[in-house]
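Visitor: I am attaching a structure below and will ask some questions about it afterwards.
Read-outs throughout are calculated quantities, based only on the coordinates presented, and are distinct from any laboratory measurement. Remember, it's a predicted structure, so these values are computed and weren't measured experimentally. Here the Cβ positions follow ideal geometry from the backbone for every residue, glycine too, while neighbour counts run over all protein chains shown.
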Amino acid sequence: MKTTCTALTMLTAIAIAAIPVATFAQEEKDAEKGPIIQYGEPDFFRPYDKRGLHVFETTKADLDKPYSGRKISLGAGFTQQFQSLKNENPGAENNGGTDANALFPLAPGFMTAQANLYIDAQLAKGIRLHLANYMSSRHHNEFWVKGGYLQIDRFPFEGKFWDDLAELVTVKAGHMEINYGDAHFRRPDGGHTLYSPFMEGNIMDAFATEIAGEVYVQKNGIFGMLGVSNGMIRGAAQEIEETTGNQFGTANPSVYLKAGIDRQVNDDIRLRLTGSLYHNSGTGGSGLTLYAGDRTGSNYQNVMEQYYANGTAKAATAMYSSGRFNPGYNGKLDAVMINGFAKMQGLEFFGTYEYASGRGKATADAENRVTTQYALEGLYRFGSYENLYIGLRYNAVNSELLFGDITDVKIDRFAAGAGWFITKNILMKGEYVIQKYNDFPTTDYRHNGKFNGAVLEAIIAF
């Protein structure tokens, strides 16, 4: 990935510096007025501070803005956390001493700070470049590129056809966070946790950065999207062999769709409803990563984690997905997510229903299994500019897992949270959480599992 980091950084620098002024007539006019490259936020952009709350896909609202030339912007997200959680798994076999199912011994303390760095550039009228970087996270201590994309909202061709097309169509392409569902817009992402009112996203976390292209059509709050990706975090240009650990001797592309309606009904009420579909008929190699695509980590540190692996204490970076659930669909997957969002003055509701069917790469996982998930959160934002909020959240997952035979298991989480935007860039938030694991076999470390306690976060984002 260090090679990827270097390549993307070089491409960013080249893209910003090397596009000739003569490419677009408008840029020639603006060059006469002042600097060709200036500092400032690009158009069709989601701000990283409080202004970015309740923003999902970018709209066409900036089409009529005067173009002022190429711009570059730097953004960041920093999160420092204090955690006081306890976990247990009574009845799990061999869960004492140094045996396999012993849980990590938790104690109150601070998590190592996490940090993100963002580079955004307006390359031309209606054409934007985004590059996201992880500077410090639970899974990686070193600088790590999340990914980037080019977004085109106005096409660099003259003529009424292209102007009319720009009124409706947006194109995104890159190695990027794919737009499956709405939950990924409200989840914490490494050091940038300001968009999320709670500490964590969904238990089954549908989030991945894949090599992809997306085409959007939108008008009057109604939109549709078609996306195609490679289905994996990393690229691969090599032949895949069928083995006992890999029943899919190919790497099929993933196809995903999204459609919805998002309307500001009046000054006080906004309603949004979307549906998404993700399909991959079978992929071997490194495998599908929709439910294992986060390379930063959970904001519940080392909770419900096995302390030992083969008699040796596990590395901290191996416990980065604490509290999350991966159903193991890394070979074949069909998934549907439905999301609803409503904001009525200070009251805010967001819901998720998800259905996933698939199986792993290994030949032992020969039958499709099913997982369902639902989550509902309600918040009340109040105070000057809604700078304070309180909220409740419930999330449950029911899944068929392969433990020799297929077994039905359930995980549920209840969280109560509150937050204070000291400024639009500074947020303090806290949460009390209870999460329980039901019906896991006694040989599994999650048998009768439970964790609960409080977590506090201090966040800066700009």
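Visitor: If neighbour count is taken as other Cβ atoms inside 10 Å, put S276, S196 in order from fewest to most.
Guide: Details: S276 25, S196 22.
Ordered from fewest to most neighbouring Cβ atoms within 10 Å, S276, S196 come out as S196, S276.
Visitor: Please work out how much length the chain gains when fully extended from W162 to T423, using 0.36 nm per residue of separation minus the C-alpha to C-alpha distance, in nm with one decimal. Walk me through the numbers on the way to the answer.
Guide: Working: separation 261, 0.36 × 261 = 93.96 nm, distance 4.10 nm.
Here the segment from W162 to T423 would lengthen by 89.9 nm.
Visitor: What is the extension gain from Q38 to V171, computed as 0.36 nm multiplied by their sequence separation minus the C-alpha to C-alpha distance, in nm to one decimal? Before the final figure, lay out the partial values.
Guide: Working: separation 133, 0.36 × 133 = 47.88 nm, distance 2.45 nm.
45.4 nm is the gain from fully extending Q38 to V171.
Visitor: Sticking with this one: With contacts defined as alpha carbon pairs under 8 Å and 6 or more residues apart, what's the relative contact order of segment 390-453 in percent?
Guide: Numbers: 121 pairs, mean separation 16.8, N = 64.
Contact order relative to length: 26 percent.
Visitor: Counting only C-alpha contacts under 8 Å and six or more residues apart, can you give the relative contact order of the chain as a whole percent? Walk me through the numbers on the way to the answer.
Guide: Values: 1225 pairs, mean separation 73.7, N = 462.
Contact order relative to length: 16 percent.
Visitor: Here is a further query. Determine, from the Cβ-Cβ distance of T243 and A113 and an R0 of 45 Å, the FRET efficiency 1/(1 + (r/R0)^6), rounded to the nearest 0.05. Can you show the working numbers first?
Guide: On the way: r = 42 Å, r/R0 = 0.92.
About 0.60, to the nearest 0.05.
Visitor: Sticking with this one: What is the order of T112, T312, fewest Cβ neighbours within 10 Å to most? If you can, show how the numbers build up before the last one.
Guide: Details: T112 13, T312 9.
The most exposed by this proxy come first: T312, T112.
Visitor: Which FRET efficiency value, to the nearest 0.05, is calculated for E93 and L273 with the Förster distance at 35 angstrom and r the Cβ-Cβ distance? Before the final figure, lay out the partial values.
Guide: Working: r = 46 Å, r/R0 = 1.30.
Calculated transfer efficiency: 0.15.
Visitor: Please compute the length gained on full extension between V55 and A318, using 0.36 nm multiplied by the number of residues separating them and subtracting their Cα-Cα distance. Don't jump to the answer; show the numbers that get you there.
Guide: Numbers: separation 263, 0.36 × 263 = 94.68 nm, distance 3.27 nm.
The span from V55 to A318 would gain 91.4 nm if fully extended.
Visitor: For the chain, take the longest principal axis of its alpha carbons; what is the angle in degrees between that and the long axis of helix 2-18, to the nearest 10 within 0 to 90?
Guide: 10
Visitor: Under the rule of -39500 (n - 2.57) per DSSP H run of 4 or more residues, summed and divided by the residues of the chain, what mean residue ellipticity at 222 nm is obtained, to the nearest 500 deg cm²/dmol? Write down the numbers at each step before the final one.
Guide: Details: 3 runs with 33 residues, N = 462.
Theoretical 222 nm ellipticity from helices: -2000 deg cm²/dmol.
Visitor: Something else: By counting other Cβ atoms within 10 Å of each Cβ, how are E431, E158 ranked from fewest to most?
Guide: On the way: E431 22, E158 10.
Least crowded to most crowded, the residues run E158, E431.
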